[in-house]
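Enquirer: Right, I'll just put the structure down here and ask away after.
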Amino acid sequence: MINIAGHLRRHGRIWRAVAVQALKRDAQFRAQAWTTALVALAEIATGLIPVLLIIRSSPQLNGWTGGQIIAVTGTFQLAMGLINAFVAPNLTRIDAYVRTGELDTVLIRPASAQWLTTFRWVQPASLTGALAGTALIIVGLWGTPISPVGVLAAAVVFGCGLATIAAVWANLAYLAFWFEAASFIHNVVLSALTAGRYPVAFFPSAIRVVLIFVVPIGAAATLPVQFLSHGVDPVLLAGVVGAAAVIMVLTRLHWRVALARYSSASS
């Protein structure tokens, strides 16, 4: 137990240093940081246009009110803001690590190589989108009675959805150990995630399953709002938590298999 605690403290200190370095980098290159923030806000504005058109044409659709649909858009933007800040800057670099041999410098460091390749880089300016998404959630759910159980369930399903998205993306990124050209995967993932902008109730049943359990942007975007406004579904909550646990174990195993195939630049 002591070793585990020390292990967690060491990685916590490393991540804190990474976050401080990222903030200093954004402060040094302020123009780039402002551009990233403005792009995030522009994406939110353009993403809201079809949502507002839907609301205007029908005040309620498939059991979802206009405010709830806006809240889903906000949760989606919150999720994407966190993904763009903490996940995308790392996983999009893995294929370069493998091709150039830069992974060697990661493997020799006194920390988990998988952890470093997942959390080494942070892009604080992308959190602008997360803050704007939070504002949309508040606006969309304003006046909706919310229970403490609903808030807890929403937080759990949101966290599990984000973790599963990161794990699925990581598994696809690890294909770089087998294929030289794996960079296209990241564009595919980002394109698939855009479906989370709308409630999963808008999609056919088969697509709903994919958006909740396979590419779980629906779990991160729709289910939190659903649990807050429509009530908690214990079976669905347990399914999302279970799926997150399974994919985490599989991701760890996949990393070990992929790393065994790696030929370092010095070999």
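Enquirer: Anything in the stretch 144-158 that is touching a Gly at 6+ places or on another chain (Cβ under 8 Å) and either in a loop (DSSP other than H, G, I, E, B) or crowded, with 22+ Cβ neighbours inside 10 Å (or both)? List them, or say none.
Expert: Within the stretch 144-158, the first condition is being touching a Gly at 6+ places or on another chain (Cβ under 8 Å), and the residues that meet it are 144, 150.
The answer is Thr144, and nothing else.
Enquirer: Surrounded by fewer than 21 Cβ atoms within 10 Å (Cβ to Cβ) and over 23 Å from Arg99 (Cβ atoms): does that describe Pro199?
Expert: Answer is no for this residue.
Enquirer: Pairs, please: C-beta under 7 Å, at least 6 apart or cross-chain, first residue free of Cβ contacts under 8 Å to residues at least 40 places away in the same chain and in the stretch 107-118, second surrounded by 18 or more Cβ atoms within 10 Å (Cβ to Cβ) and assigned to a helix (DSSP H, G or I)?
Expert: Here the result reads Arg109/Leu116; Thr117/Asn90; Thr117/Ile94; Thr117/Tyr97, each pair linking the stretch 107-118 to a residue that is surrounded by 18 or more Cβ atoms within 10 Å (Cβ to Cβ) and assigned to a helix (DSSP H, G or I).
Enquirer: Here's a follow-up. Any chance the stretch 48-65 includes a residue that's at pLDDT 70 or above and among the charged types (D, E, K, R)?
Expert: no
Enquirer: Would you point out the residue of the stretch 100-143, among those that are of a type outside the set (A, V, I, L, M, F, W, C) and not in a helix (DSSP H, G or I), that is nearest to the chain's Cα centre (by Cα)?
Expert: Within the stretch 100-143, the subset of a type outside the set (A, V, I, L, M, F, W, C) is 100-102, 104-105, 109-110, 112, 114, 117-118, 120, 123-124, 126, 128-129, 133-134, 140, 143.
Now narrow it down to the ones that are not in a helix (DSSP H, G or I): 101-102, 109-110, 112, 120, 123, 143.
Values: Gly101: 27, Glu102: 25, Arg109: 26, Pro110: 26, Ser112: 21, Arg120: 15, Gln123: 13, Gly143: 28 Å.
Here the residue is Gln123.
Residue-wise test of (1) crowded, with 16+ Cβ neighbours inside 10 Å; (2) on the phi > 0 side of the Ramachandran plot.
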{"site": "Cys160", "(1), (2)": "yes, no"}
{"site": "Ala173", "(1), (2)": "yes, no"}
{"site": "Leu190", "(1), (2)": "no, no"}
{"site": "Leu193", "(1), (2)": "yes, no"}
{"site": "Ile217", "(1), (2)": "yes, no"}
{"site": "Gln226", "(1), (2)": "yes, no"}
{"site": "Gly231", "(1), (2)": "no, yes"}
{"site": "Val240", "(1), (2)": "yes, no"}
{"site": "His254", "(1), (2)": "yes, no"}
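Enquirer: Further question on the same structure: Only one of these is within 13 Å of the chain's Cα centre (by Cα) and more than 26 Å from Trp255 (Cβ to Cβ): Ala221, Ala206, Ala201. Name it.
Expert: Ala221
The values are calculated or read from the model by the stated rules, or taken from the named source; none is laboratory data. Since the structure is predicted, the reported quantities are computational estimates derived from the model, not experimental observations. No Cβ is skipped: glycine too gets one built from the backbone with ideal geometry, and neighbour counts run over all protein chains shown.
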